[in-house]
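The block underneath contains the structure these notes are about, expressed in structure tokens.
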Amino acid sequence: KYPWIAWTPVDCDPPYEGTLAALRNARRAFAMSRHGEALLRTAGVACDYVPHGIDTAVFRPGDQAIARDALGRLLGCDLKGKFLVVSVAANASKNPSRKGFSEMFVAFKAFLDRHADVVLYVHAKIDGGERGEDLLRLLQDVGLGVDRVLFPPQYPFVSGLFRPEHVAVIYRAADVYLSASHGEGFGLCVVESQACGCPVIAPRNTAQIELVRAGRLVDAIPYAIHGASMRARPSVPALVEALEGAYGERGRRCDPAVVEEFGIDRVFPTFLAAIEWEV
């Protein structure tokens, strides 16, 4: 009965029927991606496209060596001379994890077997509790050690002490950003990393297809998650091949202008201001 507006992610194809039923009762629906917009319209839900926005005053390029030194001090290790792969992913789902930690770790193990100077940093909660994965157990199953796969100090992480400025340092320090996500309603970290000059690797699925402007899209394999709704997990060999490609281009940064349309100073004037509102 309330005139509510839904600003909604769509991370599967087709959207859940329960989601569609809720959206049909909204006064307006905004899709965060062109992918979501197309699926909602196909399902008969009238919607407008309003993407996420990022603060480009925070997420911007910086000196990689300074950022890497700062991250190394935080983690208590020396990252100089390493090929650094990073991922920022919420550990909040399992069986399987939507963020694809299994595929990420298996691919990185194969990559590590070829190169002794590579390190993966995963900005995530290690113990997923009831909702997420036990990432240390997963590392053990894959045959990886915590000397090659690094995590943030857990107290400041779970306490919310990491600020956007800290996350920007992570992106600046990285050689490549790795997403193994099975589906994204938007894919904020993919945009943030490119805004900081870090190229990305991501599966060819959902919103990630439209967000990867500097980097590599890899093949993804669809699977059912609920009824007819599908997600798509990345091909592990394709992830390894993409990591090899990034390794061969180490030191290469990307132009942040490729994602400038997602700056908060552009999103609201460009998209919300263009929508005709009912009184």
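The values are calculated or read from the model by the stated rules, or taken from the named source; none is laboratory data. Since the model is a prediction, treat every value here as computed from it, not as a measurement. Cβ atoms come from the backbone with ideal geometry, glycine included; neighbour counts cover every protein chain shown. We work out accessible area using only protein heavy atoms, side chains counted, and drop any ligands, DNA or RNA first. Shrake-Rupley method; radii C 1.70, N 1.55, O 1.52, S 1.80 Å.
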Scan of the stretch 260-277 for residues that are outside any helix (DSSP H, G or I) and either in contact (Cβ under 8 Å) with a residue 12 or more places away in the chain or within 18 Å of the chain's Cα centre (by Cα) (or both), ordered by number: Gly263, Ile275
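To keep it simple, each residue is scored yes or no on (1) within 18 Å of Arg137 (Cβ to Cβ); (2) aliphatic (A, V, I, L, M); (3) modelled with pLDDT of 95 or more.
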site	(1), (2), (3)
Leu40	no, yes, yes
Ala57	no, yes, yes
Ala67	no, yes, yes
Asp78	no, no, yes
Val88	no, yes, yes
Pro96	yes, no, no
Val106	yes, yes, yes
Matching residues in the stretch 82-99 - criterion: being closer than 16 Å to Cys189 by Cα and touching a helix residue (DSSP H, G or I) at 6+ places or on another chain (Cβ under 8 Å): Val85, Val86, Ser87, Val88, Ala89, Asn91
Total residues in the stretch 105-130, condition loosely packed, with under 13 Cβ neighbours inside 10 Å and without any contact (Cβ under 8 Å) to a residue 40 or more places away in the chain: 5
Lone qualifier among Ala70, Ala6 - being touching a helix residue (DSSP H, G or I) at 6+ places or on another chain (Cβ under 8 Å) and closer than 29 Å to Pro269 by Cβ: Ala6
Subset of the stretch 39-57 that is part of a strand (DSSP E or B) and within 22 Å of the chain's Cα centre (by Cα) - its residue that is nearest to Ile209 (Cα to Cα): Tyr49
Val142 being in contact (Cβ under 8 Å) with a residue 24 or more places away in the chain and open to solvent by less than 40 Å² (accessible area, probe 1.4 Å): yes
Any chance Phe262 is aromatic (Phe, Trp, Tyr) and out of contact with any strand residue (DSSP E or B) (no Cβ under 9 Å at 6 or more places or on another chain): no
Search result, residues across the stretch 63-90 that are surrounded by fewer than 21 Cβ atoms within 10 Å (Cβ to Cβ) and either farther than 26 Å from Gln154 by Cβ or among the polar types (S, T, N, Q) (or both): Asp63, Gln64, Ala65, Gly81
Residues located in the stretch 1-38, provided they are more than 22 Å from Leu211 (Cα to Cα), hydroxyl-bearing (Ser, Thr, Tyr) and out of contact with any His (no Cβ under 8 Å at 6 or more places or on another chain): Tyr2, Thr19
Residues that are open to solvent by 30 Å² or more (accessible area, probe 1.4 Å) and outside any loop (DSSP other than H, G, I, E, B), drawn from the stretch 91-104: Ser102
Contacts under 8 angstrom Cβ, first residue in the stretch 69-87 being farther than 11 Å from Leu150 by Cα and assigned to a strand (DSSP E or B), partner of a type outside the set (Val, Ile, Thr) and open to solvent by 60 Å² or more (accessible area, probe 1.4 Å), 6 or more apart: Phe83/Arg250
Pick from the stretch 1-17, criterion of a type in the set (Asp, Glu) and not in a loop (DSSP other than H, G, I, E, B), ranking: most open to solvent (accessible area, probe 1.4 Å): Glu17
Considering residues of the stretch 149-204 that are open to solvent by 30 Å² or more (accessible area, probe 1.4 Å) and polar (S, T, N, Q) only, the residue farthest from Tyr223 (Cα to Cα): Ser159
